[in-house]
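J.: Pasting a structure here, questions to come.
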Amino acid sequence: MKKKLRYERPTITKQYSGLMNKFGSSSLSRPTVDIDGVSIKSLCEGYGSPLFVISEKKIRQNQKNAFRIFKNRYPKVQFAWSYKTNYLDAVCSVFHQEGSWAEVVSDFEYDKARKLGVKGEHIIFNGPAKSEAGLLNAMKNKSKIHIDHFDELFLISELAETNNIRAEVAIRINMDVGIYPIWDRFGFNFENGESWQAINRIIQNKNLKLVGLHTHIGTYVMSAEAYRIAAYNLAGLCKRIKNEFNVSLEYLDLGGGFASHNTLIGQYLPAEQLVPSVEQYADAITNGIFDVSFKSEDLPTLILETGRALIDDAGFLITSVITNKRLTSGKRAVIIDAGVNILFTSFWYKHNIQLCQNSGVHTEDTAIYGPLCMNIDCITESINLPSINRGDKLLIKYVGAYNMTQWMQFISMRPNVVMIMENGKVELIRKAENLDYLLEQELLPKKLKLIPV
Amino acid sequence: MSKIHLIENLAVSDSGFLFLHTTGETFTLNKTGSEIVRMLRSRKSKEEILKFFTENYIVDTNTIEKDFEELVAQLKFYSLVTEK
Amino acid sequence: MKIAVTGLNAIDSPGPGVPVIRSIKDAKDFKGEIIGLSYDSLDPGLYIEKLTSKSYLIPYPSSGLEYFLERLLAIHKIEKLDFIIPTLDSELYAFIKIQDKLLEAGIKLFLPTFEQLEIRSKDKLFNFCTKQGIKVPKNILATNISNLHSIQNNFSYPVVLKGIFYEAYIVNNFDEAVVAFNKLKQKWGFPIIVQEYIKGDEFNVVGLGDGTGKTIGAVVMRKLYITDKGKGWSGVTILDKTLLGVSNKFILTSKWKSGLELEFIKSAATGEYFLLEINPRFPAWVYLAPNAGQNLPWALVKLGMDEKVTSFSNYEIGKMFVRCAWDLITDMKVFEKISTTGELKL
């Protein structure tokens with residue numbers, strides 16, 4: 001019998017001026033067949049599709065690397081893991097094992113950190129909406145409470161007074177560091193003196209102990225210079241507090257906001273060409289602090305709440321092709337089994353999507369849609385893809401940040417999440433949801449029951 | 001059964017390049033795409049083309065039929081075929 | 001010696017590849033070949049006889065660095081390149097990021113640093129120049145409509161509204177400013193630069209800095225004819241010590257490495273020069289420079305190849321360029337070759 005040829009779906013592409021380049025924009029030359037040495041095929045066989053995969057090795061590498069870079073430039077560095085970025089127990093625990101504190105912005109995140117065994121004094125409690133009970137609990141545990149507004153300041157003061165506790169607090173400060181938008185809805189403003197007023201009130205309050213200053217200038221900040229200005233301003237305040245009140249602060253918290261490898265929608269050049277390296281951010285921040293001269297014993301600890309930049313590239317989403325379609329415009333569409341309900345970041349990123357099997361070299365501009373019966377379910381409007389068939393796998397990279405917290409059960413449920421451990425073993429770290437899980441919280445009034453019990 | 005007719009003066013080069021004499025439009029085709037257009041050029045029927053593919057390529061009848069129809073739909077979209 | 005050059009898009013808003021190649025080929029001590037690198041099968045530079053010995057299509061840098069580098073290395077394997085000159089703004093970030101890997105493969109480049117590219121970006125140039133005492137038009141960075149109210153306190157209409165990357169509108173009153181603001185916001189995002197409108201003649205300088213602060217050469221040109229796209233269609237070399245002084249100062253304080261173009265306007269009202277923009281690469285009119293006595297593209301190659309380069313001391317005044325639309329005739333077969341194989345040897 002004669003040997004048959006490898007089949008490739010037949011295609012025809014019209015050439016348009018401005019786009020006449022066969023090398024134009026295909027970045028999909030080679031398929032990705034494994035993650036940390038574990039084959040994508042076997043992962044799907046074991047845990048289904050879609051499937052979130054997290055690499056323990058990558059998280060540890062990222063954290064160690066970031067710590068080393070900062071530590072080489074500044075003597076006292078402490079990371080605090082930003083729970084909202086990814087608060088799966090397994091993920092948080094890896095960060096805590098690497099020495100990170102917890103940075104939480106809600107009562108349940110706080111409790112989650114405590115349950116994992118994080119000491120009270122190693123929890124930073126941020127956010128504009130902390131409950132009274134939550135605050136009291138945090139005070140008792142000696143956690144660092146970062147005050148967001150005056151109402152909260154008064155409440156904490158009252159709680160501390162009534163319960164006879166001295167609360168350890170910092171304030172969150174917003175400022176103009178030359179980036180847009182300015183996050184002036186959080187914390188006290190630097191330029192108009194609001195933050196200084198808050199500092200005054202805290203220092204004069206016997207029930208409050210000012211231990212630090214905090215700022216968080218934005219998200220996906222692509223300017224390292226902005227961090228230098230922020231660090232310089234915080235350090236300046238810290239020194240002024242020392243000079244005027246003779247109070248030495250324990251730390252300056254520069255928050256998070258470093259950009260990751262993902263390219264924003266509307267950004268022409270890919271992130272990899274524009275995003276500053278961790279070294280550049282670290283240079284900027286430490287230079288900003290050193291520009292204010294401190295005596296070495298007064299040098300505050302530098303706290304970083306880096307989230308996205310430490311977890312994004314440790315997360316992957318494996319998804320399967322459901323079908324190919326031809327839209328009435330002539331454009332090709334691929335429907336996959338992962339929708340925007342589990343991949344929230346599709347709304348702001350041009351995701352990096354890789355093929356997982358050999359496909360043809362001839363690519364075509366394609367839209368990728370999710371499985372939801374909703375028009376908004378679009379993973380990308382435009383990507384160059386070769387022909388792929390039903391059942392083929394695609395790998396969406398850099399999805400570790402925000403997706404596994406902002407996802408929702410909507411039309412389809414949240415899938416399995418596995419972690420590939422350093423030794424190559426695969427562990428299920430969050431089970432796929434099912435109908436029982438969904439119904440657990442629901443109550444059906446008796447008179448509405450169709451089936452008699 | 002309807003027959004698929006390529007429009008006049010349509011030739012695909014060895015490299016899969018298609019220049020439409022009447023309109024000046026240019027297209028590129030991959031290997032299998034070129035093969036199908038060439039077979040349509042020599043008046044092969046759909047059945048003959050599908051048979052050729054299942055005999056010579058690693059592909060099942062369902063897949064090649066679906067892909068064939070999609071290619072024809074695209075050829076139609078670009079006004080390269082007429083169906084009579 | 002083999003030198004690859006990008007930017008063969010010699011169209012109505014031309015890339016500088018073709019004039020850079022012509023400059024190098026005119027250098028008496030250049031012995032070697034030029035390889036063209038192009039982003040589109042219809043780039044006119046591909047079809048000019050005897051310009052390059054061979055041309056290749058390369059992927060857009062926006063398609064990802066790995067793929068971009070892979071293609072360049074594949075071309076390098078065939079051609080054994082010694083040097084690459086990128087000539088377009090949008091590819092500079094990519095080349096800066098991969099230059100170490102190219103150097104490892106034996107390809108040299110002579111590029112500005114990431115920080116230098118940042119200094120000259122439209123929202124930062126103002127600050128840098130003010131610090132250095134270089135005159136620039138008054139600026140406000142606007143991020144919301146209410147910022148536009150401050151225009152009347154700072155300067156008088158008309159004013160120019162500029163997008164952070166491209167595009168500008170001259171507006172005569174607040175209402176027009178709002179319209180322009182909204183257009184620019186949609187397309188280029190924030191900040192939007194509100195700039196004092198200065199009426200006057202345009203002057204440009206092409207220069208080359210060696211990276212230590214030294215100016216290797218600089219030629220001043222006055223535009224004689226400007227197209228509706230704002231491109232100079234003819235120009236003449238002039239001697240203006242003030243402009244040369246400002247250019248030297250910028251190159252000195254930024255330690256500029258690579259070619260550049262500085263765009264100035266001379267205020268009709270006061271006679272003062274204002275620096276409008278800095279482009280981080282040679283301009284499309286760079287071929288005027290070697291013909292006036294300063295072969296700056298060739299000097300860039302020599303700097304990049306670590307050869308000793310002495311600064312040019314002067315240039316010929318009154319040398320003119322007149323740009324020309326000239327139809328090249330080719331065959332569908334040639335177009336087929338480049339668009340299907342991605343390579344072309346004329």
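J.: Can you name every residue in the stretch C:79-123 that is assigned to a loop (DSSP other than H, G, I, E, B) and either in contact with an Asp or Glu (Cβ under 9 Å, 6 or more places away or on another chain) or under 16 Å from C:Gly211 (Cα atoms) (or both)?
T.: Within the stretch C:79-123, the subset assigned to a loop (DSSP other than H, G, I, E, B) is C:80-82, C:86-88, C:105-107, C:109-113, C:120-121.
Result: C:Gly106, C:Ile107, C:Leu109, C:Phe110, C:Leu111, C:Pro112, C:Thr113, C:Arg120.
J.: Okay, moving on. When you scan the stretch C:226-234, do you find a residue that is modelled with pLDDT of 90 or more and either more than 19 Å from the chain's Cα centre (by Cα) or under 14 Å from C:Phe264 (Cβ atoms) (or both), even just one?
T.: The initial filter retains those residues of the stretch C:226-234 that are modelled with pLDDT of 90 or more, namely C:233-234.
Okay, now just the ones that are also either more than 19 Å from the chain's Cα centre (by Cα) or under 14 Å from C:Phe264 (Cβ atoms) (or both), so none.
No, the stretch C:226-234 contains no residue that is modelled with pLDDT of 90 or more and either more than 19 Å from the chain's Cα centre (by Cα) or under 14 Å from C:Phe264 (Cβ atoms) (or both).
J.: Does C:Asp331 count as surrounded by fewer than 18 Cβ atoms within 10 Å (Cβ to Cβ), within 14 Å of chain B (Cβ to nearest Cβ) and free of Cβ contacts under 8 Å to residues at least 40 places away in the same chain? Let's see the steps before the verdict.
T.: Working: surrounded by fewer than 18 Cβ atoms within 10 Å (Cβ to Cβ): yes; within 14 Å of chain B (Cβ to nearest Cβ): yes; free of Cβ contacts under 8 Å to residues at least 40 places away in the same chain: yes.
Yes, satisfied.
J.: Would you be able to tell me the number of residues in the stretch A:352-379 that are in a strand (DSSP E or B), under 24 Å from B:Leu71 (Cβ atoms) and either more than 11 Å from every other protein chain (Cβ to nearest Cβ) or of a type outside the set (D, E, K, R) (or both)? Please lay out each step first, then the result.
T.: Kept after step one, since they are in a strand (DSSP E or B), are these residues of the stretch A:352-379: A:352-355, A:364-369, A:378-379.
With under 24 Å from B:Leu71 (Cβ atoms) added as a condition, the list becomes A:355, A:364-369.
Remaining after also requiring either more than 11 Å from every other protein chain (Cβ to nearest Cβ) or of a type outside the set (D, E, K, R) (or both): A:355, A:365-369.
Adding up the residues that qualify gives 6.
J.: Anything in the stretch C:36-67 that is part of a loop (DSSP other than H, G, I, E, B), among the hydrophobic types (A, V, I, L, M, F, W, C) and within 11 Å of chain A (Cβ to nearest Cβ)? List them, or say none. Break it down stepwise before answering.
T.: First pass over the stretch C:36-67, keeping only residues part of a loop (DSSP other than H, G, I, E, B): C:39-43, C:48-53, C:58-60, C:64.
So of that shortlist, the ones also among the hydrophobic types (A, V, I, L, M, F, W, C) come out as C:42, C:48, C:51, C:58.
Matches in the stretch C:36-67: C:Leu42, C:Ile58.
J.: Here are some conditions: (1) without any contact (Cβ under 8 Å) to a residue 40 or more places away in the chain; (2) under 25 Å from A:Arg30 (Cβ atoms); (3) in contact with a Lys or Arg (Cβ under 7 Å, 6 or more places away or on another chain). C:Leu103 meets all but one. Which one does it not meet?
T.: (3)
J.: Of the residues in the stretch A:395-448, how many are farther than 17 Å from A:Asp34 by Cβ, out of contact with any strand residue (DSSP E or B) (no Cβ under 6 Å at 6 or more places or on another chain) and of a type in the set (Gly, Ala, Ser)?
T.: Residues meeting the conditions: 3.
J.: Here's a follow-up. Out of the residues in the stretch A:239-289 meeting the condition of being touching a His at 6+ places or on another chain (Cβ under 9 Å) and small (Gly, Ala, Ser), tell me which one is nearest to A:Ala170 (Cα to Cα).
T.: Filtering the stretch A:239-289 down to residues touching a His at 6+ places or on another chain (Cβ under 9 Å) leaves A:251-257, A:262-263, A:270-272, A:275.
Those left that are additionally small (Gly, Ala, Ser): A:255-257, A:271.
Working: A:Gly255: 13, A:Gly256: 16, A:Gly257: 19, A:Ala271: 34 Å.
Ranking the candidates gives A:Gly255 first.
J.: Let me ask something else. Being within 14 Å of another protein chain (Cβ to nearest Cβ) and in contact (Cβ under 8 Å) with a residue 12 or more places away in the chain is the filter here; which residues of the stretch C:68-92 pass it? Please lay out each step first, then the result.
T.: To start, the set of residues in the stretch C:68-92 that are within 14 Å of another protein chain (Cβ to nearest Cβ) comprises C:68-75, C:86, C:88-92.
Within the stretch C:68-92, C:Phe68, C:Leu69, C:Arg71, C:Leu72, C:Leu73, C:Ile75, C:Pro86, C:Leu88, C:Asp89, C:Ser90, C:Glu91, C:Leu92 qualify.
J.: If you take just the strands (runs of 3 or more DSSP E) that sit entirely in the stretch B:1-81, which of them hold at least 2 residues that are more than 11 Å from every other protein chain (Cβ to nearest Cβ)?
T.: Details: elements: B:4-6, B:17-19, B:26-29.
The strands (runs of 3 or more DSSP E) meeting that bar are B:4-6.
J.: I've got another one for you. Out of curiosity, is C:Ser156 modelled with pLDDT under 85 and assigned to a loop (DSSP other than H, G, I, E, B)?
T.: Details: modelled with pLDDT under 85: yes; assigned to a loop (DSSP other than H, G, I, E, B): yes.
For C:Ser156, the condition - modelled with pLDDT under 85 and assigned to a loop (DSSP other than H, G, I, E, B) - is met.
J.: For the stretch A:248-266, give me the residue count where each residue is more than 19 Å from the chain's Cα centre (by Cα) and either within 14 Å of chain C (Cβ to nearest Cβ) or not acidic (Asp, Glu) (or both). Spell out how you get there, then give the answer.
T.: Restricting attention to the stretch A:248-266, the residues satisfying the condition of being more than 19 Å from the chain's Cα centre (by Cα) are A:248-252, A:266.
Right, trim to either within 14 Å of chain C (Cβ to nearest Cβ) or not acidic (Asp, Glu) (or both) and you get A:248-249, A:251-252, A:266.
Residues flagged as more than 19 Å from the chain's Cα centre (by Cα) and either within 14 Å of chain C (Cβ to nearest Cβ) or not acidic (Asp, Glu) (or both) within the stretch A:248-266 amount to 5.
J.: Separate question: Here are the criteria: (1) more than 14 Å from chain A (Cβ to nearest Cβ); (2) surrounded by fewer than 20 Cβ atoms within 10 Å (Cβ to Cβ); (3) of a type outside the set (A, V, I, L, M). Tell me which single one C:Gly17 does not satisfy.
T.: Failed condition: (2).
J.: Tally time: how many residues in the stretch C:134-150 are loosely packed, with under 13 Cβ neighbours inside 10 Å and under 25 Å from C:Gly271 (Cβ atoms)?
T.: Looking only at that region, the number is 0.
J.: Here is a follow-up. In the list A:Asn233, A:Asn200, which residue meets the criterion of being in the same structural domain as A:Ile124 (by TED's automatic domain parsing), surrounded by fewer than 17 Cβ atoms within 10 Å (Cβ to Cβ), assigned to a helix (DSSP H, G or I) and out of contact with any Cys (no Cβ under 8 Å at 6 or more places or on another chain)?
T.: Numbers: A:Asn233 fails: surrounded by fewer than 17 Cβ atoms within 10 Å (Cβ to Cβ).
Sole residue among the options that is in the same structural domain as A:Ile124 (by TED's automatic domain parsing), surrounded by fewer than 17 Cβ atoms within 10 Å (Cβ to Cβ), assigned to a helix (DSSP H, G or I) and out of contact with any Cys (no Cβ under 8 Å at 6 or more places or on another chain): A:Asn200.
J.: Consider A:Tyr281 carefully, then state whether it is surrounded by 21 or more Cβ atoms within 10 Å (Cβ to Cβ) and assigned by TED's automatic domain parsing to the domain that holds A:Phe258. Can you show your working first?
T.: Details: surrounded by 21 or more Cβ atoms within 10 Å (Cβ to Cβ): yes; assigned by TED's automatic domain parsing to the domain that holds A:Phe258: yes.
The answer is yes for A:Tyr281.
For (1) touching a helix residue (DSSP H, G or I) at 6+ places or on another chain (Cβ under 7 Å); (2) closer than 18 Å to C:Phe110 by Cβ, each residue gets a yes or a no:
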{"residue": "C:Pro16", "(1), (2)": "no, yes"}
{"residue": "C:Val20", "(1), (2)": "yes, yes"}
{"residue": "C:Phe30", "(1), (2)": "yes, yes"}
{"residue": "C:Glu33", "(1), (2)": "no, no"}
{"residue": "C:Asp40", "(1), (2)": "no, no"}
{"residue": "C:Asp43", "(1), (2)": "no, no"}
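J.: Continuing with this model, one more query. Is there a residue being farther than 21 Å from C:Ala94 by Cα, under 22 Å from the mean Cα position of the chain (by Cα) and not aromatic (Phe, Trp, Tyr) anywhere in the stretch C:50-64? Before you say what the answer is, go through the steps one by one.
T.: The first filter runs over the stretch C:50-64 and keeps only residues farther than 21 Å from C:Ala94 by Cα, leaving C:50-54.
Those left that are additionally under 22 Å from the mean Cα position of the chain (by Cα): C:51-52.
After this cut, where a residue has to be not aromatic (Phe, Trp, Tyr) as well, the list is C:51-52.
Yes: one or more hits.
J.: Quick one: which of A:Glu121, A:Glu103 is surrounded by fewer than 18 Cβ atoms within 10 Å (Cβ to Cβ), at pLDDT 95 or above and either within 20 Å of A:Leu249 (Cβ to Cβ) or touching a strand residue (DSSP E or B) at 6+ places or on another chain (Cβ under 6 Å) (or both)? So that I can check it myself, show each step before the final result.
T.: Working: A:Glu103 fails: surrounded by fewer than 18 Cβ atoms within 10 Å (Cβ to Cβ).
None of the other options fit; the residue is A:Glu121.
J.: Could you check C:Lys345 against (1) surrounded by fewer than 12 Cβ atoms within 10 Å (Cβ to Cβ); (2) in contact (Cβ under 8 Å) with a residue 24 or more places away in the chain; (3) within 14 Å of another protein chain (Cβ to nearest Cβ) and say which number it fails?
T.: Of everything listed in (1) surrounded by fewer than 12 Cβ atoms within 10 Å (Cβ to Cβ); (2) in contact (Cβ under 8 Å) with a residue 24 or more places away in the chain; (3) within 14 Å of another protein chain (Cβ to nearest Cβ), C:Lys345 misses just condition (3).
J.: So, A:Ile322, is that one within 22 Å of A:Gly391 (Cβ to Cβ), surrounded by fewer than 19 Cβ atoms within 10 Å (Cβ to Cβ) and assigned by TED's automatic domain parsing to the domain that holds A:Thr380 or not?
T.: Details: within 22 Å of A:Gly391 (Cβ to Cβ): yes; surrounded by fewer than 19 Cβ atoms within 10 Å (Cβ to Cβ): yes; assigned by TED's automatic domain parsing to the domain that holds A:Thr380: yes.
Judged against the criteria, A:Ile322 is a match.
J.: Scan the helices (runs of 4 or more DSSP H) fully inside the stretch A:74-142 and keep the ones with 2 or more residues being over 17 Å from the mean Cα position of the chain (by Cα) and among the hydroxyl-bearing types (Ser, Thr, Tyr). Give the steps one after another, and end with the answer.
T.: On the way: elements: A:89-97, A:107-115, A:132-140.
By residue number, no helices (runs of 4 or more DSSP H) qualify.
The values are calculated or read from the model by the stated rules, or taken from the named source; none is laboratory data. Please read these numbers as outputs of a predicted model, since none were measured by experiment. Cβ: placed from backbone, ideal geometry, glycine included. Neighbour counts: every protein chain shown.
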